[in-house]
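Undergrad: Here it is, the structure, as structure tokens.
The values are calculated or read from the model by the stated rules, or taken from the named source; none is laboratory data. The structure displayed is predicted, hence computed values, not measured ones. Note that each Cβ is placed from the backbone with ideal geometry, even for glycine, and that neighbours are counted across all protein chains shown.
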Amino acid sequence: MTTADTNDPLSPDTQVTITGRNVEVPEHFAERVNTKLAKIEKLDPTLTFFHVELQHENNPARGDRTDRLQITATGKGHLARAEAKEDSFYAALETALAKMERSLRKVKARRKIARSGHRAPKSTGQLAAELQQKAVQQQDQEAAQQGKYDVDPYADQVEDIQPGQVVRRKEHAATPMSVDDALSEMELVGHDFYLFIDEETQRPSVVYRRQAFDYGLISLTDQE
């Protein structure tokens, strides 16, 4: 395992750790990571620590190896995470940075709207773009459903079907938060759902992505 630590040119209080799992981290790559993260830092000044992890992974579908890179950014009471797998660590870095930038910008806009107390009005162009995107996604989903059961892509790969098993468990401390904060946390970690305690109801709840720009909310209630 190789680790490189560097601060410049990020702000003095920000730390960057680059870890390579059976991968040597060259100095010029560490400098590139540092320069790129300086731009990400400007999107959220509360971020004080970045951990970048590099790892080679086998790609069974292609019969070769891919380079996996994950960025975890830690701030005051929150974190952001982005991951990418590409043919090179340089390409993976660009892809992961783009994902993290989109998430941070989306959360920044959400917080700005929340502070103003109302949702910003959408322009005609924005509404048209959203409607077009929803239509395209609906067409893609319909096409996928039509051919979903025509061919079994795993018919020649699976001999014995085994029941699914729980292979990983996680426990997290839960601080009650609003639904809007839960949506922001979901965007920051790059997941399609987020489990939290709703501060209004004090019940376990889950926010999740739906089609296009919509979200869903599931809450548990007592059985009567």
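Undergrad: Please enumerate the residues belonging to the range 10-28 that are of a type outside the set (S, T, Y) and either over 11 Å from L54 (Cα atoms) or in contact with a Lys or Arg (Cβ under 6 Å, 6 or more places away or on another chain) (or both).
TA: Correct list: L10, P12, D13, Q15, V16, P26, E27, H28.
Undergrad: Starting from residues that are in contact with a Lys or Arg (Cβ under 7 Å, 6 or more places away or on another chain) and modelled with pLDDT of 75 or more, keep the ones in the range 198-218 and report whichever is farthest from K106 (Cα to Cα).
TA: For the range 198-218, the residue satisfying everything is G216.
Undergrad: Related question: Is there any pair with a first residue in the range 76-97 that is surrounded by fewer than 16 Cβ atoms within 10 Å (Cβ to Cβ) and a second that is of a type in the set (F, W, Y) and at pLDDT below 90 whose Cβ atoms are under 8 Å apart and which are 6 or more apart or on different chains, and what are they?
TA: Every condition considered, the pairs that remain are Y90/F29.
Undergrad: Mind checking whether some residue in the range 79-90 is under 20 Å from D192 (Cβ atoms) and acidic (D, E)?
TA: yes
Undergrad: Just to be sure I understand, how many residues within the range 11-33 are surrounded by fewer than 16 Cβ atoms within 10 Å (Cβ to Cβ) and part of a strand (DSSP E or B)?
TA: So the answer is 3.
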